[in-house]
Amino acid sequence: QVRIVESGGGLVQPGGSLRLSCASSGFLFSAYAMSWYRQAPGKERDLVARISRTGGSTDYGSTDYADSVKGRFTISRDNAKNTVYLQMNSLKPEDTAVYYCNAKNWAYEYWGQGTQVTVSS
């Protein structure tokens, strides 16, 4: 059974930081590209960051970011723990959204249930 569980969301002041985690099970984690998406109220779900599937022990995966988060957010993965992370720094009110974890390969795609991030003073 596939499980994808996000955690680490919460309320933070502008300029603050949060680290989201996405723990996965039930599929071959290293063979999947992992992504973080976010959806604000009344808006579409948008890609925030993606990290490619990885091969050998020295392959950490290539990354892509939405322009709005470049230089502030960092995505990383730990294949030994089947977990992907999103380090979010210098948070802004416009980063407020539900953040979703996504796993995708050529045949399958899985989503988590989301975690709320609220940036407000």
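The values are calculated or read from the model by the stated rules, or taken from the named source; none is laboratory data. Everything numeric in this text was worked out from a predicted model, so none of it was measured. All Cβ positions, glycine included, derive from the backbone under ideal geometry; neighbour counts span all protein chains shown. For accessibility, only protein heavy atoms count, side chains too; no ligands or nucleic acids. Shrake-Rupley method; radii C 1.70, N 1.55, O 1.52, S 1.80 Å.
In the assembled protein chains, Tyr32 presents an accessible area of approximately 10 Å² (probe radius 1.4 Å). Protein heavy-atom accessible surface, 1.4 Å probe, per residue over segment 2-121: 54 Å².
How big is the dipole moment of the chain about its Cα centre under a simple scheme where the beta carbon of each Lys and Arg is +1, that of each Asp and Glu is -1, and everything else is neutral? Debye, nearest 20, please.
It comes to approximately 120 debye.
Spherically averaged projected area of the convex hull of Cα atoms, segment 1-74: 6.5 nm².
In the context of the full protein assembly, Lys81 retains an accessible surface of approximately 130 Å², using a probe radius of 1.4 Å and ignoring ligands and nucleic acids.
Quote the relative contact order of the chain in percent (integer), defining contacts as alpha-carbon pairs under 8 Å separated by 6+ residues.
On the way: 287 pairs, mean separation 43.2, N = 121.
After rounding, I find 36 percent.
Heavy-atom surface analysis with a 1.4 Å probe gives the chain a carbon and sulfur content of 47 percent of its accessible area.
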